Amino acid sequence: MENTKPCANCKLRANFEKNPKSLLGRFWRWHINFCPGWKGYFTSLPEADKQALRDKYNFTKY
């Protein structure tokens, strides 16, 4: 089942993937700390996917 939430295909997230140190990449990483869309997307994922994102983005909030 494909995730239909916008965060799954976010253009800012793609910028982070290409270059995490870019201005847009850093903005996206900062933004996910309080974005309600990211929270909904993240919490809807299975635990294994959540852990993969935690490791990939050094994300510890949820």
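The values are calculated or read from the model by the stated rules, or taken from the named source; none is laboratory data. Fair warning: this is a prediction, and the values are worked out from it, not measured in the lab. Virtual Cβ from ideal backbone geometry, glycine too; neighbours counted across all protein chains shown. In case anyone asks, the SASA skips ligands and DNA or RNA and just uses the protein heavy atoms, side chains included. Shrake-Rupley method; radii C 1.70, N 1.55, O 1.52, S 1.80 Å.
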Sites matching trypsin sites (Lys or Arg not before Pro) across the chain that sit in DSSP coil, with at most 15 neighbouring C-beta atoms within 10 Å: K21, K61
Might you tell me the accessible area per residue for the chain, computed with a 1.4 Å probe and given in Å²? 72
Suppose only helical runs count, i.e. DSSP H with n ≥ 4. What mean residue ellipticity at 222 nm does that imply for the chain under -39500 (n - 2.57) per run, divided by all residues and rounded to the nearest 500 deg cm²/dmol? -17000 deg cm²/dmol
How much accessible area does L12 have with a 1.4 Å probe, in Å² rounded to the nearest 10? 50
Largest first and in whole Å, give the semi-axes of the chain's equivalent ellipsoid, each being the square root of 5 times a Cα gyration tensor eigenvalue. 18, 13, 11
Nitroxide proxy distance, nm - points 7 Å out along Cα→Cβ at N9 and E47: 3.1
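Find how much the distance from N58 to L24 grows on full extension, using 0.36 nm per residue of separation minus their present alpha carbon separation; answer in nm with one decimal. Numbers along the way, then the final one.
Numbers: separation 34, 0.36 × 34 = 12.24 nm, distance 1.71 nm.
My answer for the length gained is 10.5 nm.
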